[in-house]
Amino acid sequence: MKTSNAISQIFSLKQLVQQWRHRLPSAGSFAVYVGAEHRRFVIPTRFLNLRVFVSLLNKAEEEFGFQTTGGLVLPCDVVLFKKLLNALEKDERGFGALDFDDFTEMFSDLAVDSSLWVS
């Protein structure tokens, strides 16, 4: 990947996160859709500040581009996403500081091969 393209993607991701933050109340929740079946999860808006979610949003942008209609779809297996939510309930600060790939690696017994990710 060219450096200018990488910088452009980082800037685009930052804009996406800022747009979502401005649309949502600072204290509250919002819906995301996960997995091939687009299962709906309602998560706290503060999760947008966590590194693990920023990296997951980056994956969504890479996979789907910028979504302007419908809900926010995350390219993640439902079982793994539930594990992420449970881990964040127990230690939001610790698990939230991980990159999504690092989190996935920690729970490799639940990691799903990429053919089951939303495409």
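Quick notes on this one:
- Evaluation of residue 1 against (1) aliphatic (A, V, I, L, M); (2) surrounded by fewer than 17 Cβ atoms within 10 Å (Cβ to Cβ); (3) at pLDDT 60 or above (one fails), failing number: (3)
- Long-range neighbours under 9 Å by Cβ, at least six apart or interchain, first residue among the polar types (S, T, N, Q) and buried (at least 16 other Cβ atoms within 10 Å of the Cβ) within the stretch 29-52, second assigned to a strand (DSSP E or B) and at pLDDT below 95: 45/29; 45/30
- Take the conditions (1) modelled with pLDDT of 95 or more; (2) surrounded by 18 or more Cβ atoms within 10 Å (Cβ to Cβ); residue 76 misses just one of them, which is (1).
The values are calculated or read from the model by the stated rules, or taken from the named source; none is laboratory data. All values derive from a computational prediction rather than experimental measurement. No Cβ is skipped: glycine too gets one built from the backbone with ideal geometry, and neighbour counts run over all protein chains shown.
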